[in-house]
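Enquirer: Attaching a single structure in structure tokens format; questions to follow.
The values are calculated or read from the model by the stated rules, or taken from the named source; none is laboratory data. Because the structure is a prediction, the values reported are computed rather than measured. Ideal geometry is used to build each Cβ from the backbone, glycine not excepted, and the neighbour counts take in all protein chains shown.
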Amino acid sequence: MKTKPNLIDRFKRLAERNARRRKDPRFFDTMGFLVAKGFLGYNRPILPRPNARLELRDAIWAGTYVEPRILEVLPAAVARLPKNFRIPEKPARDEAKLVEIAEALREGTETEVCFHEIGPEKYRVWMDLPLKDGRTVPVKERKRAKNFRLRPIVIDRLEALAKAENLSETEVLERIVLEARERTR
């Protein structure tokens, strides 16, 4: 079976265009950042850029035109690491949609908004991925502040328990609550 010469030429042009796009700094910066943080893996050598500050539109471009996996992890990356992304004051439609999704993910609210035809069930998974640097805690493991008014005698006992067990007062309270929960099961 013989293929038409113009079809072969077309595929060659597409391959050349793809090769040029893979050399684009927008792709290298985005992929280097996501690989360094542990969101993605890459089978070619790439310079890790863990402290990069990425333009949101450049990251979307890299996912749209070079590596589609970027679009899947981008909402979680923006939600978990917002300081690493430059978000314009007047974002374009795609950027605004991404920011809306990231805010919903950060707050833990349900969203049914698709991002570049990627459903919430696909990008929500990346919120609980433990990252390489260990500084960023998955959403399920984040601690929340809670204040209590305790009687002085309870505070004294709590401090004594913490000192005796070489733990923080918070760790003592967490352990007591978890043990009580196990007993009630």
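Enquirer: If you take the residues in the stretch 52-77 that are of a type in the set (Val, Ile, Thr) and over 17 Å from the mean Cα position of the chain (by Cα), which one is farthest from ASP29 (Cα to Cα)?
Expert: THR64
Enquirer: For residues that are surrounded by 17 or more Cβ atoms within 10 Å (Cβ to Cβ) and of a type outside the set (Gly, Ala, Ser), tally how many sit in the stretch 96-110.
Expert: Adding up the residues that qualify gives 5.
Enquirer: Moving on. Can you pull out the residues in the stretch 127-143 that are touching a Gly at 6+ places or on another chain (Cβ under 8 Å) and modelled with pLDDT of 70 or more?
Expert: The answer is LEU129, PRO130, LEU131, LYS132, ASP133.
Enquirer: Take the stretch 160-182 and flag every residue that is surrounded by 13 or more Cβ atoms within 10 Å (Cβ to Cβ) and not in a helix (DSSP H, G or I).
Expert: Once the filter is applied, which keeps residues that are surrounded by 13 or more Cβ atoms within 10 Å (Cβ to Cβ) and not in a helix (DSSP H, G or I), the stretch 160-182 yields only LEU167.
Enquirer: Starting from residues that are in a loop (DSSP other than H, G, I, E, B) and touching a residue at least 12 places away in the same chain (Cβ under 8 Å), keep the ones in the stretch 113-126 and report whichever is surrounded by the fewest Cβ atoms within 10 Å (Cβ to Cβ).
Expert: VAL113
Enquirer: Identify, from the list LEU40, LEU34, the residue that is buried (at least 18 other Cβ atoms within 10 Å of the Cβ) and either of a type in the set (S, T, N, Q) or in contact with a Lys or Arg (Cβ under 7 Å, 6 or more places away or on another chain) (or both).
Expert: LEU40
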